[in-house]
Each structure stands twice: as C-alpha cells, then as structure tokens.
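Taking it in order: structure first as structure tokens, then the write-up.
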Amino acid sequence: MALVKALRGHWQLILITSVVFALWQTPVFTPLKILIVFLHEISHALAVWLTGGEVVSISLSPQQGGLTMARGGNVFIILSAGYVGSLLIGVLVFLIALRSKADSVLMSLLGVITLLIAAFYIREWFGLGFSVGLGVLMLVSARYLPHSINDLALRVIGLTSMIYVPFDIFSDTIARSGERSDAYMLAERFGGATVMWGGMWLLISLAVIGLCLRYGLGKQSNIRKAEFVGGA
C-alpha cells in the first residue's frame, strides 16, 4: 500500500529519474552533464571567495571537464567544495522547485549568475559560448515560459545534479583513483589515500540525498495537469 501511494504521489520524479538513467550515456544529456560540471566549478569558486581567495579563471570543455584557477583561499575547503558544493546546489534547486512557487525567480537568478561568471571568469571559446547560451536560455525561460515549465526544468537540473554527484565521485576517486582529481590532490596535500577521501565524500553525498528525499518530497510531488495547461 505504501509503495502504491509513493508511486501515485511521485510518479513524475520516478519517470524523470528513469529517463535520466536510460539516456545518460547518449548525446541527449551532454549539455546537462556540462551544466553539472559548471556547478562543480562554481562550487570551487564559491569556496575560494568564502575563504578569502581570488578566482582567476573557470574553464569548461566539450569532454565534460572543468578547471577553476585561483590564488589564495583555504586549499582543503576549496578542493572539498566541488562535489559537496554541487550536491548542495542540486538539493537547493530541487527543493525550491518542489516546495515553492519561486521557480521563475530562481531561474532568473541562475541565468544572471551564469552570465556574470561568463563575463568575468571564462576565457576560452567553448566555455564562454556554453555559459552565455545557458544564461540567456534561463532568462528567456524565466521571462516567457509558464511556471510549470520552469518548475520541471529546475527539478531536472536539481535531481540530476544530486544523482550525478555520487556516480562522479565513485568514477573519479574510486574506480580511477590513480588519475588526478580533487581527492587525489587532497591526498597529496593532506595525506591519506584518494579512495579514502572519495569514500568519505560518497557517504556524505548518499546521506544528503537520502535526507533530501525523505524529508523534502512530502506525500505528493507531481506537477498538476492544470499547471501545464496554464495555471500560475
């Protein structure tokens, strides 16, 4: 009975999750993957600013790679912020979309932040084109598309960012522990093994996702049909 209620109350999120997993390795989701890499790099940048450092540049590549160059700041917090920060951004976006009517406001805010980062910190052509295009698309969506479409888009962004983090952690720090990653650099600077730092982040990410879903979903999360038809 509880399972039936969960399916009825959250079938849209279950469907979104299923589609994401089914199409994740196809080109369809490449822009979304690069967006999540962008959130990862923004998280590094936020950690730099919050710990008194200076962000020099942010890079994105078509191969879904990213790099934040900085001077100063707390190295431990900066290196740890990529996965944890993008996870928390995903949780925040997901919960705001799920539990508020501020979808257009949030979409506008994300668009403005994206354009500001593009203007001040992105220098190479691919990253600049991607971030400017994304920022403009977000502003257009917030201005001209109905609440329900912005709500759905933010749910996809938030949910995908949350889901992607533990898989990315496992891939970067456990399955390929010998490659240079945030956890590899932490191990170099502060000791321990890449797998240790990756395993710790993996446990934290799973715990945060579990808490978000348990206490954030409520009994019903579906977007009502009336909202797609044109409700506010």
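Restricting attention to segment 181-232, report how many residues are surrounded by fewer than 19 Cβ atoms within 10 Å (Cβ to Cβ), of a type in the set (F, W, Y) and modelled with pLDDT of 90 or more.
1
Kindly check whether there is at least one residue in segment 140-151 that is closer than 17 Å to I42 by Cβ, part of a helix (DSSP H, G or I), over 15 Å from the mean Cα position of the chain (by Cα) and of a type in the set (V, I, T). Walk me through how you get there before you give the answer.
Filtering segment 140-151 down to residues closer than 17 Å to I42 by Cβ leaves none.
No; the residues of segment 140-151 include none that is closer than 17 Å to I42 by Cβ, part of a helix (DSSP H, G or I), over 15 Å from the mean Cα position of the chain (by Cα) and of a type in the set (V, I, T).
Taking segment 82-105 as the search range and keeping residues that are of a type outside the set (V, I, T) and without any contact (Cβ under 8 Å) to a residue 40 or more places away in the chain, which one is nearest to R214 (Cα to Cα)?
Within segment 82-105, the first condition is being of a type outside the set (V, I, T), and the residues that meet it are 82-83, 85-88, 90, 92, 94-95, 97-104.
Filter again for without any contact (Cβ under 8 Å) to a residue 40 or more places away in the chain, leaving 100, 102.
Values: S100: 17, A102: 22 Å.
Taking the candidates together, the pick is S100.
Those residues that are polar (S, T, N, Q), assigned to a helix (DSSP H, G or I) and under 21 Å from F38 (Cβ atoms), I need them from segment 159-210; list them, please.
Step one: of segment 159-210, the residues polar (S, T, N, Q) are 160-161, 171, 173, 177, 181, 194, 205.
Then keep just the ones that are assigned to a helix (DSSP H, G or I); that gives 160-161, 171, 173, 194, 205.
Once the filter is applied, which keeps residues that are polar (S, T, N, Q), assigned to a helix (DSSP H, G or I) and under 21 Å from F38 (Cβ atoms), segment 159-210 yields T160, S161, S171, T173, S205.
The values are calculated or read from the model by the stated rules, or taken from the named source; none is laboratory data. It should be emphasised that the depicted structure is a prediction, and the values quoted were computed from it without experimental measurement. Here Cβ is always computed from backbone atoms with ideal geometry, including for glycine, and neighbour counts include all displayed protein chains.
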